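So the structure is just underneath, and the comments pick up after that.
The values are calculated or read from the model by the stated rules, or taken from the named source; none is laboratory data. In this text the structure is predicted, and so the values were computed from the model without any measurement. Cβ placement follows ideal geometry from the backbone for every residue including glycine, while neighbour counts extend to all protein chains displayed. Accessible surface is based on the protein model in full, side chains and every heavy atom, while ligands, DNA and RNA are left aside. Shrake-Rupley method; radii C 1.70, N 1.55, O 1.52, S 1.80 Å.
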Amino acid sequence: MASDPYYPPRANWTRHLHMFVWKLRAYIQSHNIQNGTSISLGTFDLSIGNFISLLRALIPGLRLLDAGYYPAGRLVWWTWLSLSLIALVWIGRPLGNTAYALMISLHASSLIFLLTSQSPQQRILRRILQPLLIVLLLAQVIYPLAGYPIRHYWLLPLALNGKHILINRLDGADSIKRGDYVAYKIDERNRAGILRIGGYAFEKIIAGPSDRIVFETQTFTVNGESFPTIRGMPQRGSRVVPEGSWFIWPTESFQINRGGHDPFNIGENGFLEKLLLGLAIVPNTNIIGKPFNNWLWHPPTP
């Protein structure tokens, strides 16, 4: 029945957006709203003309649609949406970074067309500098600000030791336990030949708050449970993890230069032992989150 030429076509999934646009146009025309009329948003008033200009600047391809370039405007808009989906699915990976850069390029092209159509008579210097300033504004200010809530409250992509890891920031210190792999913040340290570049690390939690760790030659124990020792761990002594902290041994989170000698040979002074033990105590405030088990249509780690 659907192939019948007389069968009326069904409305597609974009009908709600089209209905909203047509209702907005009808409202503006019925109330004879002009560019000088203001929209009241609480204590902030915005004129219709400025509101439309703002929409044209924020939505790539909208100015092309207004100017009558319907195929080009739709192509820019749907391409930008497709690129945003690719950037989100493959966030932190080369494909996602490429899609993110193309999003900025399309948005910049739309803004350049908007500004050029408003003032077609421009000096040559402005025609040269304007695109550069628009790209810098989008790449360094607008898009980073738009992505700030995502990176700081939802997910954080990390590239550590050749691995692409996507961290769920909603899984904070309250939802982790011993044995989990977590991302955490670390401070820069450069002392006694040890260089720790400040930033993020991704390691396994060895022990939790109030757990007792006993170090031995070949093993270490956590609350009486024995595990094989990890390279660089002390071979003697014990330690109780403070409340509000976690014991995470930095297996891949530091670089050591000891003049060609074994970097894990603590020696007589014990300064390396103290420094590594200090790095291993991670407070709750430094915990970023756990990795996603699955992210949309692909695993978050290779």
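For every residue, the table says whether it meets (1) without any contact (Cβ under 8 Å) to a residue 60 or more places away in the chain; (2) of a type in the set (D, E, K, R); (3) open to solvent by less than 60 Å² (accessible area, probe 1.4 Å); (4) within 25 Å of S53 (Cβ to Cβ).
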residue: W80; (1), (2), (3), (4): yes, no, yes, yes
residue: A87; (1), (2), (3), (4): yes, no, yes, no
residue: H107; (1), (2), (3), (4): yes, no, yes, yes
residue: T116; (1), (2), (3), (4): yes, no, yes, yes
residue: Q121; (1), (2), (3), (4): yes, no, no, yes
residue: L125; (1), (2), (3), (4): yes, no, no, yes
residue: L133; (1), (2), (3), (4): yes, no, no, yes
residue: L136; (1), (2), (3), (4): yes, no, no, yes
residue: I142; (1), (2), (3), (4): yes, no, no, yes
Among the residues of the range 260-270, is there at least one that is open to solvent by less than 70 Å² (accessible area, probe 1.4 Å), among the β-branched types (V, I, T) and at pLDDT 90 or above?
no
Given (1) modelled with pLDDT under 90; (2) closer than 30 Å to G73 by Cα; (3) under 15 Å from the mean Cα position of the chain (by Cα), where does Q140 come up short, assuming only one miss?
(1)
The range 184-240: number of residues that are among the small types (G, A, S), assigned to a loop (DSSP other than H, G, I, E, B) and at pLDDT 85 or above
4
On the given criteria, is Y100 without any contact (Cβ under 8 Å) to a residue 40 or more places away in the chain, of a type in the set (S, T, Y), out of contact with any strand residue (DSSP E or B) (no Cβ under 9 Å at 6 or more places or on another chain) and open to solvent by 70 Å² or more (accessible area, probe 1.4 Å)?
no
Considering residues of the range 149-184 that are touching an Asp or Glu at 6+ places or on another chain (Cβ under 9 Å) and hydroxyl-bearing (S, T, Y) only, the residue nearest to I206 (Cα to Cα):
Y181
Counting only residues that are within 18 Å of I104 (Cβ to Cβ) and out of contact with any helix residue (DSSP H, G or I) (no Cβ under 8 Å at 6 or more places or on another chain), which one in the range 55-78 is modelled with the lowest pLDDT?
L58
Got a number for residues in the range 144-169 being open to solvent by less than 70 Å² (accessible area, probe 1.4 Å), at pLDDT 85 or above and of a type outside the set (A, V, I, L, M)?
6
The one condition in (1) open to solvent by 60 Å² or more (accessible area, probe 1.4 Å); (2) at pLDDT below 90; (3) within 11 Å of the chain's Cα centre (by Cα) that G92 fails to fulfil:
(1)
